[in-house]
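First up is the structure itself, then whatever we jot down about it.
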Amino acid sequence: MERNIGFKERRYIEELRILTKATALDCVIDDRFERVIYVIRPGDMGLAIGKKGENIKRLQNVLGKRIEMVEYAETPESFIVNIFKPAEITGSERPVENGPINVFVKKKNDLGIAIGKAGCNIEKARLLTRRFFGYDVGEVLLAQEAVS
């Protein structure tokens, strides 16, 4: 997918690199939920977060916005699992060709985590999967609902 990174996003990516020594592949500024979402290079997640989340806290103080990080993955399925962490995703399916991807969670508790407060986590998934793979994320369902 073609991604355009603006001046502000580049500045935020450089700020992350300076503070944490981790590499971000992309940065999305989500004004709706007042946050900055970084897509981190595979293997750099520990470096980006820092001990007890100290790097995230420092970055939040510098940028003045909430910081969220997602580790990049080559396949859409793995990337979706990374986006919804810590919710336990059991799988995803595309019921209709060129339709949205439905995501399935293992437990009922994970349903709330995956959707997030006011739908912020599912919106993050929609933004990132559209940006990286050109897919839309549809619904988050409990794994038993898929069987019924």
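To keep it simple, each residue is scored yes or no on (1) closer than 21 Å to Arg17 by Cα; (2) touching a Pro at 6+ places or on another chain (Cβ under 9 Å).
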| residue | (1), (2) |
| --- | --- |
| Glu68 | yes, no |
| Val96 | no, no |
| Val105 | no, no |
| Phe133 | no, yes |
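Pairs only if they're at least six apart or on different chains, beta carbon under 6 angstrom, first in segment 124-135 and assigned by TED's automatic domain parsing to the domain that holds Val103 and within 19 Å of Ile67 (Cβ to Cβ), second modelled with pLDDT of 90 or more and in a helix (DSSP H, G or I); list them, first residue then second.
Ala125/Ile83; Leu128/Ile83
For Asp26, only one of the following conditions fails: (1) touching a residue at least 24 places away in the same chain (Cβ under 8 Å); (2) crowded, with 19+ Cβ neighbours inside 10 Å; (3) closer than 23 Å to Glu15 by Cβ. What is its number?
Every condition holds for Asp26 apart from (2).
I want to confirm something. Restricting to segment 91-129 and keeping residues that are among the polar types (S, T, N, Q) and within 17 Å of the chain's Cα centre (by Cα), which single residue is nearest to Val39 (Cα to Cα)?
Restricting attention to segment 91-129, the residues satisfying the condition of being among the polar types (S, T, N, Q) are 92, 98, 102, 109, 121, 129.
Okay, now just the ones that are also within 17 Å of the chain's Cα centre (by Cα), so 92, 102, 121, 129.
Working: Ser92: 20, Asn102: 22, Asn121: 14, Thr129: 11 Å.
Selected residue: Thr129.
Mind checking which residues of segment 58-94 are assigned by TED's automatic domain parsing to the domain that holds Gly134, among the aliphatic types (A, V, I, L, M) and in a helix (DSSP H, G or I)?
Ile80, Val81, Ile83
Could you pull out the residue among Asn98, Asn109 that is without any contact (Cβ under 8 Å) to a residue 24 or more places away in the chain, outside any helix (DSSP H, G or I) and surrounded by fewer than 16 Cβ atoms within 10 Å (Cβ to Cβ)?
Only one candidate passes the filter, namely Asn98.
Between Gly64, Gly50, which is in contact with a helix residue (DSSP H, G or I) (Cβ under 7 Å, 6 or more places away or on another chain), modelled with pLDDT under 95 and on the phi > 0 side of the Ramachandran plot? First the steps, then the outcome.
Values: Gly64 fails: in contact with a helix residue (DSSP H, G or I) (Cβ under 7 Å, 6 or more places away or on another chain).
Checking each option against the conditions leaves just Gly50.
Might you let me know whether segment 6-17 holds any residue that is surrounded by 17 or more Cβ atoms within 10 Å (Cβ to Cβ) and part of a loop (DSSP other than H, G, I, E, B)?
There is no residue in segment 6-17 that is surrounded by 17 or more Cβ atoms within 10 Å (Cβ to Cβ) and part of a loop (DSSP other than H, G, I, E, B).
Any idea which residue in segment 49-95 is surrounded by the most Cβ atoms within 10 Å (Cβ to Cβ), counting only those that are among the aromatic types (Phe, Trp, Tyr) and under 23 Å from Ala143 (Cβ atoms)?
Phe84
The values are calculated or read from the model by the stated rules, or taken from the named source; none is laboratory data. Predicted, not measured: the structure shown is a model, and the values here were computed from it. Note: ideal-geometry Cβ built from the backbone for every residue, glycine included; neighbour counts use all protein chains shown.
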